[in-house]
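One structure is given below, encoded as structure tokens.
The values are calculated or read from the model by the stated rules, or taken from the named source; none is laboratory data. All of these numbers come straight from a predicted model, not from anything done at the bench. Quick reminder, even Gly has a Cβ in these numbers, built from the backbone with ideal geometry, and neighbours come from all protein chains shown. Remember, those area values only see protein heavy atoms, side chains included, never the ligands or the DNA or RNA. Shrake-Rupley method; radii C 1.70, N 1.55, O 1.52, S 1.80 Å.
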Amino acid sequence: QQIQENLNKQLLDNLVSFLSRSHSDFQEKTTKWTCRMKFREIPTAALVLGVNVTDHDLTLRSLSDVLQDNITPYVALLEAKDCPGIKNLMQKLMGQLMNCDVEVDSLEDENCVQVSQNRIRCSMPSLISWYESVTKKTDSETPSKKRNSSSRHWQSPPVVVIFKDMESFTTKVLQDFIVISSQHIHELPLVLIFGIATSPMIIHRLLPHSVSSLLCIELFQSLSCKEHLSTIIDKLLLTSRFPFKLGEKVLQVLINIFLYHDFSVQNFIKGFQLCIVEHFYSQPLSVLCCHLVDMKRRVYSLSHDQCENIRRLPSFRRYVEKQESGKQIELLTNDSFLKEETEKLLEDLHVYHENYVSILRCLHVFTSSLPKYPLGKQIRELHCACLENQVWETEEYESSLQLARMLNKTDLVTMLQQCVEILMSSSGKEFDKTVEKLKEFLTQFQNLEAEASQERDVSVSSQQELQKKTDLYHLQKTLLELKESRRSKKLTKFEMLRFEVVDYIDRLVRKYLVPADNRTLHEIVYFNAATVLRGHLNAAPRTALHTALNNPHWYLKNQALKCDGGGISNKAPDICIVYKLHLECGRLINLVDWLEAFSTVVTAAEEANADAASTDQVDDIIHARFIRAVSELELLGFIKPSKQKTDHVARLTWGGC
């Protein structure tokens, strides 16, 4: 929540500034507002939020809260599904402004709302009279109360109407509301905010020029959802503040869902929360996934069973195999010795995370400035590459080093300065010598400036001599000599220093960016169950539907519905009986035969009932139940009417799930 508030702060500040300008024009009755009154223009903010529609609600509600806390209490948030007509829109608008919940079906007169004991007609004049009465009441309050209210809200605060999903509103509703509002803009300080998912051009596509000319539009652009996601990953995952980590495959599942499905940061965070719940629920040693302050106490409070769980971890077993025989016996038999060793290993894992994040940021400084971005432009791409395997063995890393060896001095100096800042701000204690070495490189680059200027003077003089030799023979001879000298030319001091810098960064990468899977006890803090996560997030509706219809006991947990051997229970819901019968048919299903089979199953337990109703009544009821079940199957897409035979239906699904 803090990260999202910080990311939206600039956008919200710009909108508040826009509202303050619009409101001051109205309140001071300046010439600018007088001109706007003549043209009946409504101040309008076109807020482009992007295609991640599921995130719009949070952003707009945050905007509504900020406006209500600091500017005006009169804020209405409208959705297209609640406003099919202008009457419904006015009803919702006045209901929200007057702080009363309004249901269309509960009112006898759709043009009125109930406020206390009074019924107010939903119209613009009624809204204006209500606004004037409310503002006059505020002005007539005692000075102390007025002073307290004015500290939070402005005097004569504007009425802000937020259209959450503008593209979903019908053109007629928007046109009617804008035209009506423009006729009363000199009486009501109305401000519109359009939430737009696609492009600002949608305003001109929905509204004709005669209507859009009534709006004084200012454009606002929210932060890109990809930048938003990168910030979330940077602040939540690439930090040593939080001990819980995501494995490479799990992180890739969440990122793929984000990139290829919805671009929703909120859904990414929900997936991240699901990973936390699943990890602490399924991993018995997740109690050790904590900060160093609590870690020692928790390690020494482990039970014998939890110590055995540590010994079963694959990474710990690999660690034991590398030890000498005496230590192996102690680790496998002595719980106290195991706890001491576990404490050291978890501290080493914490130090590994601190160093990993710092060097990853340094490597990202280099790779993000290279052309074509071999390792990706975003740090999340580089992080996934480092988690997947040893990044220095990949072709992308090799090509990145080759490109880095061709960087100019200005870029190299800038990158080294950024790396020094990153390492100095890091909490890792191993980077003092690294910082000194990088500062030494910076000093050497500064010393090369004087020598570079001398070399430039020499090259200029050689070019002047070459220009003097106009004879063709001497010119060819000089060019051949230059060519031979370039072939046998040694590396300059700058090129040697550049190679030294890149090689030093390469050594840091090989030392600190080892994949987490190679660290002992990484299972305690890393969640790697990508298959489990994919099963939760990637829905399989056909499989779930088949299970529900074929085996209703799976969901309803009713023992009477449990059938063995593929039988059909007459106590199952009608749609389940019809579905299992239709699985036994071919491409075309005869409705008469289907009805007879359904009737046989349903009446199997009713034949012995002597007090049953007459046969005709039973047949009518069964017939009605069958028609309803078949209609439900058609609605779900399992069958459709057949044009070949009127008394048949065609089956649409085949194969098992």
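For the stretch 529-544 and the stretch 545-588, what is the separation of their C-alpha centers, rounded to whole Å?
Centre-to-centre (Cα) distance: 23 Å.
Report the label-to-label distance for GLU324 and ASP564 in nanometres (one decimal), using points 7 Å from each Cα along the Cα→Cβ vector.
Between GLU324 and ASP564, the simple spin-label model gives 6.1 nm.
For GLU79 and ARG298, FRET efficiency with R0 = 56 Å and r from the beta-carbon atoms, rounded to 0.05? Working shown, then result.
On the way: r = 48 Å, r/R0 = 0.85.
After rounding to 0.05, the efficiency reads 0.75.
Can you compute the label reach from ARG510? Point 7 Å from Cα along the Cβ direction, backbone N cut-off under 18 Å, restricted to the stretch 387-404.
Zone members listed by number: 389-404.
Accessible area per residue of the stretch 348-409 at 1.4 Å probe, in Å²?
Details: 2650 Å² over 62 residues.
I get 43 Å² per residue for the stretch 348-409.
If a paramagnetic tag sat 7 Å from the Cα of THR54 along the Cα-Cβ line, which residues of the stretch 511-539 would have the backbone N under 11 Å from that point?
Hits in the stretch 511-539 for THR54 at 11 Å: 537-539.
All other residues with a Cβ under 13 Å from the Cβ of HIS582 taken together, and with Lys, Arg as +1 and Asp, Glu as -1, what is their net charge? Display every interim value, and only then the final one.
Numbers: positive: LYS580, ARG587, LYS640, ARG651; negative: ASP574, GLU584, ASP593, GLU632, GLU634.
So the environment of HIS582 carries a net charge of -1.
List the extent of the Cα atoms of the stretch 541-651 along each of their three principal axes, largest first, rounded to whole Å.
Taking max minus min along each principal axis of the Cα atoms, the stretch 541-651 gives 42, 34, 22 Å.
Apply 1/(1 + (r/R0)^6) to the Cβ-Cβ distance of THR603 and ALA539, taking R0 = 51 Å, and write down the FRET efficiency to the nearest 0.05. If you can, show how the numbers build up before the last one.
Working: r = 38 Å, r/R0 = 0.74.
That gives a FRET efficiency of 0.85.
Just to be sure I follow the rule: in the stretch 541-651, considering lysines 8 or more places apart or on different chains, how many pairs have Cα atoms under 27 Å apart?
Going through the stretch 541-651 pair by pair, I get 9.
What does the convex hull of the Cα atoms of the stretch 215-336 come to per residue, in Å³, rounded to a whole number?
Values: hull volume 18.7 nm³, N = 122.
Taking the convex hull of the Cα positions in the stretch 215-336, it is 153 Å³ per residue.
Taking only the alpha carbons of the stretch 383-445, what extent do you get along each of the three principal axes, in Å, biggest first?
32, 31, 14
Once you place label points 7 Å from the Cα toward the Cβ at ILE276 and ASP593, how far apart are they in nm?
5.8
Given 0.36 nm per residue, what is the gain on full extension from ILE180 to GLN444 after removing their alpha carbon distance, in nm? Each step should come with its number before you reach the end.
On the way: separation 264, 0.36 × 264 = 95.04 nm, distance 7.18 nm.
Here the answer is 87.9 nm.
Any idea how far the Cα center of the stretch 191-215 sits from the one of the stretch 376-443, in Å?
47
Could you provide, to the nearest whole Å², the per residue accessible area of the stretch 541-651 with probe 1.4 Å? Provide the component values of the computation, followed by the final result.
Details: 7000 Å² over 111 residues.
I get 63 Å² per residue for the stretch 541-651.
So how far apart, in nm, are the two label points at LYS9 and THR410 if each is 7 Å from Cα heading toward Cβ?
Taking the simple label geometry, LYS9 and THR410 are separated by 3.2 nm.
Which residue, HIS648, ALA544, VAL578, has the largest displacement toward the positive end of the dipole of the stretch 541-651 when charges sit on each Cβ (Lys, Arg +1; Asp, Glu -1)?
ALA544
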